[in-house]
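Undergrad: Let me begin by handing over the structure; questions about it come next.
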Amino acid sequence: MKKYRVFDGHGSAKAAEFSAKNLNKNIMSEVANKDENELADAVREGYLITNSEFLKEDVNGGTCCVTALIRKGNLIVSNASDCRAVMSRNGVADALTVEENMDGKANA
């Protein structure tokens, strides 16, 4: 299994550092309890757990991030906040994720 992550802190580095330290652990804990067809759900749960844990820290700031998980030929790409993942196909950027704004709605 291959894992890739990129974080960008907003307001301070605290959220990015916390996420860099904890997101992978939380995702992998969820992946261990899911079938192959539930990988996207496992990644989503890992994000939500990490967010919940960070909010308990009572620290200002936030982070955006993009993660990619490759397992048994499956690619799961995810993001949080105002960042996106793209893949080049024949020299054209193809969006793999959709950015969301502060109210949780997708940006067009």
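Undergrad: Calculate the spin-label point distance for D35 paired with K2, positioning each point 7 Å from the Cα along the beta-carbon direction, and give it in nanometres.
TA: 2.7 nm
Undergrad: Sum up the charges of everything whose Cβ sits under 10 Å from the Cβ of C64, counting Lys and Arg as +1 and Asp and Glu as -1, but leave C64 out. It would help to have the intermediate numbers written out before the result.
TA: Details: positive: R84; negative: D8, D82, E99, E100.
Surrounding charge for C64 is -3.
Undergrad: So who's got an amide H within less than 5 Å of the one on V86, skipping anything under 5 residues away but keeping other chains? H placed 1.01 Å off N, in plane.
TA: L96
Undergrad: Using Cα pairs closer than 8 Å and at least 6 residues apart in sequence, work out the relative contact order for the chain, in percent. Don't skip to the end; give the middle numbers.
TA: Working: 172 pairs, mean separation 28.1, N = 108.
Computed over the chain, the figure is 26 percent.
Undergrad: In 10 Å bins starting at zero, report the fraction of Cα pairs in the chain per bin as a rounded %.
TA: P(r) for the chain, in whole percents per bin: 14, 45, 33, 8, 0.
Undergrad: Suppose every K and R has +1 on its Cβ and every D and E has -1 on its Cβ; what is the size of the dipole of the chain about the Cα centre, in Debye to the nearest 20? Walk me through the intermediate numbers first.
TA: Numbers: 14 positive and 16 negative charges, 91 e Å.
Dipole of the chain, to the nearest 20 debye: 440 debye.
Undergrad: Turning to a different aspect of this structure: Can you figure out the FRET efficiency of S12 with S52, using R₀ = 25 Å and their beta-carbon distance, to the nearest 0.05? Mind dumping the intermediate values first?
TA: Details: r = 19 Å, r/R0 = 0.77.
Working from the Cβ atoms, E equals 0.85.
Each value in this text was obtained by applying a stated rule to the coordinates, not by laboratory testing. The structure presented is a predicted model; accordingly, all values stated were derived computationally and were not measured. Note that each Cβ is placed from the backbone with ideal geometry, even for glycine, and that neighbours are counted across all protein chains shown.
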